[in-house]
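Quick notes on the structure that follows.
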Amino acid sequence: MAVSNSLTISPRKLRSDLYSYSNQDNTKTPLVISVLSSLIDRTLTRNQRISRRASPASSTSGRSGKTQIFDCREIPDMTIQSYLERIFRYTKAGPSVYVVAYVYIDRFCQLNPGFRISLANVHRLLITTIMIASKYVEDLNYRNSYFAKVGGLETEDLNKLELEFLFLMGFKLHVNVSVFESYCCHLEREVSFGGGYQIEKALRCAEEIKSRQMIVQDPKHHHHHHQFARVLL
């Protein structure tokens with residue numbers, strides 16, 4: 001399928017970007033952002049169709065009150081692609097962070113079957129999972145207050161989202177090599193045409209990625225204060 005980007009992305013390009021991405025040259029937006037945004041957009045479209053067919057009573061009966069914390073006050077006028085690009089622009093989180101965030105989103109939906117990704121909750125879910133995934137994968141991280149500014153939230157709101165997410169997940173945050181590999185393969189299939197693409201067995205687990213990111217970064221650069229375009233969730 002075509003990814004919602006003018007750039008043509010092949011499974012080979014995506015795999016190379018996922019496993020050869022350099023933290024020393026992180027000005028280029030990782031390809032996984034375009035692939036992930038395309039996948040989420042398709043999920044949103046499918047869930048909107050399901051909601052239109054369902055009666056109002058049945059569409060809300062299965063929802064947990066706890067998951068409604070992810071609903072925005074107003075639906076943001078920002079595409080998934082733009083929001084993910086904004087997060088990358090200000091945090092420089094590597095490709096593996098987005099893969100692990102994708103694992104967390106899928107795991108969250110499985111553990112909370114009444115929850116459906118929608119335009120009302122997807123932005124808050126993304127900033128929460130990316131922040132938590134960054135803490136899991138990377139050694140140097142920004143504070144929650146910084147992620148809150150990037151995501152368009154108050155720090156207190158993001159703290160609550162993080163805590164609620166962890167409990168709703170049962171604190172199941174570990175991502176082993178086979179899980180990481182399977183989700184990378186799924187993202188590769190997302191951009192393959194006709195299927196049948198043979199994926200090389202050169203994949204690394206999140207723990208290995210983390211161990212290779214122990215290059216000491218300049219703290220002054222890492223905590224540089226950016227001017228933010230205003231976003232409110």
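Each reported figure results from applying straightforward, stated rules to the coordinates on display, with no laboratory input. Keep in mind it's a predicted model, so treat the numbers as computed, not measured. Here the Cβ positions follow ideal geometry from the backbone for every residue, glycine too, while neighbour counts run over all protein chains shown.
A few notes on this one:
- Taking Cβ atoms as reference points and 12 Å as the exclusive limit, the residues near TYR83 contribute a net charge of 0, counting Lys and Arg as +1 and Asp and Glu as -1.
- Karplus-derived 3J(HN,Hα), 6.51/-1.76/1.60, for each residue of the range 115-126, Hz, glycine and proline x: 8, 10, 5, 9, 4, 6, 10, 5, 5, 5, 5, 5
- Available extension along the chain between GLU156 and ARG53 is 33.4 nm, counting 0.36 nm per residue and deducting the alpha carbon span.
- Shape box of the range 74-115 [Cα atoms, principal axes, largest first, Å]: 32, 29, 12
- Burial order of peptide ranges 87-100, 138-151 (average beta-carbon count within 10 Å, highest first): 87-100, 138-151
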